[in-house]
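Working notes, structure below.
The values are calculated or read from the model by the stated rules, or taken from the named source; none is laboratory data. Since we're looking at a predicted model, the values are computed, not measured. Cβ placement follows ideal geometry from the backbone for every residue including glycine, while neighbour counts extend to all protein chains displayed. Surface accessibility is based on the protein's heavy atoms, side chains included, excluding ligands, DNA and RNA. Shrake-Rupley method; radii C 1.70, N 1.55, O 1.52, S 1.80 Å.
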Amino acid sequence: MTQKPLQCDVLIVGGGPVGGVLAGLLTTLPLRVVVVDFLAPEKALDKNQDGRTTAVSWGSSLIMEKTGLWAQLLPHTTPIEEIRVSQALTSGFLHFNQEDADGHPMGFILDNWRLRQALYTMMEERENITLIAPASVKSLECDASQGQAELTNGQLIQFRLIVGADGRLSQIRESMGIKAYTARYDQTAIVTSVQHEQPHHCRAFEHFLPTGPLAFLPVKTHQSSVVWSLQNKWISAMESLSQEEFAQELERRFPYLGKIELISKRWHYPLVMTLPRRMTTERCVLMGDAAHAIHPIAGQGANLGFRDAEILSGLVQNSARLGLDIGEETLLKRYQRQRVRDIVSMTCMTDSLVRLFSRSSQSLAFVRGQGMSWMNAIAPLRRRLTRHAMGLGL
Ligand SMILES: Cc1cc2nc3c(=O)[nH]c(=O)nc-3n(C[C@H](O)[C@H](O)[C@H](O)COP(=O)(O)OP(=O)(O)OC[C@H]3O[C@@H](n4cnc5c(N)ncnc54)[C@H](O)[C@@H]3O)c2cc1C
């Protein structure tokens with residue numbers, strides 16, 4: 001017997017940070033949303049699955065407020081009151097502080113697993129969201145009036161709009177025939193949590209080393225989340241180090257927080273940039289890493305995705321209010337048009353930073369150091385960069 005198709009307005013494939021936030025934004029409207037994720041909830045919520053934190057920009061915190069989730073997440077975040085950028089072996093530095101940010105925190109550090117947990121609880125509790133997991137899309141058909149997906153568990157879903165929020169290796173992007181440009185950085189990010197002797201005073205540090213950028217993101221008073229993006233040739237040597245030896249390597253390269261001790265395991269993330277040729281096809285849009293995977297050097301990947309979600313939900317809301325088809329081409333084109341500038345400028349900015357700081361020539365290091373000092377001295381420029389990082393536009 002064939003199963004009765006499940007009807008919805010929006011089918012979101014991928015219940016990660018971006019797909020989850022989109023679901024939260026859409027379900028403040030009278031819309032029926034189905035979220036499909038190929039990870040079983042117990043696996044998705046396992047703290048060992050993802051050891052990262054996300055630097056949620058000030059602008060993204062305002063988006064999360066609209067989902068109704070921010071009030072419960074805020075007590076579990078650490079505000080970023082200052083960002084200190086420096087480079088090994090040179091004296092140049094760049095400091096951003098709250099004065100550059102109209103007195104607001106520039107952002108907040110939030111554990112990825114905690115965001116996941118809040119999103120999954122929301123998906124279970126809101127009546128107009130159905131979460132189907134573990135499952136993925138087996139086949140997909142779209143026409144002028146609707147689309148239909150068959151899931152790997154046999155369930156049929158009919159929708160008006162499908163959103164591919166299934167990460168940088170997006171299966172939806174592939175099944176829609178959207179080609180993507182991928183650049184491999186030959187770097188892997190090692191992520192871990194550390195306890196340190198000195199307090200961080202709500203400062204985030206980005207320290208550029210000849211081997212790659214090393215970031216300390218403030219968590220509890222004496223704890224930080226570390227993201228060390230290393231050239232791949234160093235990874236196996238680092239992997240062979242014990243926890244104590246790895247902590248010593250961190251301390252040797254970044255002595256400003258005193259004695260360091262690892263308090264979690266180490267996770268590895270290969271770093272690539274992926275940019276598809278387009279973000280839409282018939283009844284389908286891409287968002288989050290499926291639409292733009294960037295290097296974490298500036299902690300902006302998820303923030304870009306949250307802005308995708310905000311723009312799409314606004315367009316869908318307007319269309320739904322007027323009784324229009326939320327999967328029609330004009331809306332999709334508008335979404336792409338409104339997102340392209342932000343995505344391309346952020347992708348180019350992060351890509352240029354990675355390339356600029358990956359070159360180990362001494363004269364270039366001197367120029368970079370001077371460049372940072374000059375930028376540090378020009379308050380309007382600093383403020384502009386701060387607003388950009390806060391997700392408030394250029
Ligand atoms: C080391 C590191 C540090 C970072 N730090 C920051 C930071 O501080 N700030 C920031 O803004 N960004 C940061 N980022 C980037 C950020 O992690 C990503 O941009 C963000 O996770 C993208 O979210 P997403 O929901 O689009 O994709 P993902 O997080 O990849 O989630 C995709 C979801 O889709 C599901 N899925 C995948 N394939 C399928 C399928 N075929 N069918 C169904 N479901 C599927 C997955 O299970 C997952 O739940 C960092 C990235 C790295 C690597």
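Summary of values
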quantity: Computed [θ] at 222 nm, deg cm²/dmol, the chain (DSSP H ≥ 4; -39,500 (n - 2.57); rounded to nearest 500); calculated: -11000 deg cm²/dmol
quantity: Carbon plus sulfur fraction of accessible area for the chain, probe 1.4 Å, in percent; calculated: 52 percent
quantity: Mean Cβ count within 10 Å, highest first, over the residues of peptides 96-108, 332-344; calculated: 96-108, 332-344
quantity: Charge sum, other residues only, whose C-beta stays under 9 Å from CYS142's C-beta, Lys/Arg counted +1 and Asp/Glu -1; calculated: -2
quantity: Cα-centre dipole for the chain with unit charges at Cβ (Lys and Arg positive, Asp and Glu negative), debye to 20; calculated: 880 debye
quantity: Per-selection Rg to Rh, the range 62-206 - Cα, Kirkwood hydrodynamic radius; calculated: 1.07
quantity: The range 269-394: Rg to Rh, with Rh as the Kirkwood radius over Cα pairs; calculated: 1.08
quantity: Cα-based convex hull volume of the chain per residue, rounded to whole Å³; calculated: 141 Å³
quantity: Global geometry of the range 16-64, whether rounded, prolate or oblate, following the gyration tensor of its Cα atoms and the 1.5 cut on a/c; calculated: oblate
quantity: Additional length obtainable on full extension of the chain from GLU99 to ALA237, 0.36 nm per residue less Cα span; calculated: 45.5 nm
quantity: Cα-based helix-to-principal-axis angle, 379-389 vs the chain, degrees rounded to 10; calculated: 40 degrees
quantity: Residue-span extension gain [LYS4 to ASP143] - 0.36 nm each, minus C-alpha spacing; calculated: 48.1 nm
quantity: Per residue accessible area of the chain, 1.4 Å probe, in Å²; calculated: 46 Å²
quantity: Most to least packed among 270-278, 216-224 [average Cβ atoms within 10 Å]; calculated: 216-224, 270-278
quantity: Percentage relative contact order, the chain, counting C-alpha pairs under 8 Å, at least six apart; calculated: 22 percent
quantity: Per-peptide average of other Cβ atoms within 10 Å, ordering 301-309, 75-83, 354-362 highest first; calculated: 301-309, 75-83, 354-362
quantity: In Å, descending, principal axis extents of the Cα set of the range 161-236; calculated: 51, 34, 19
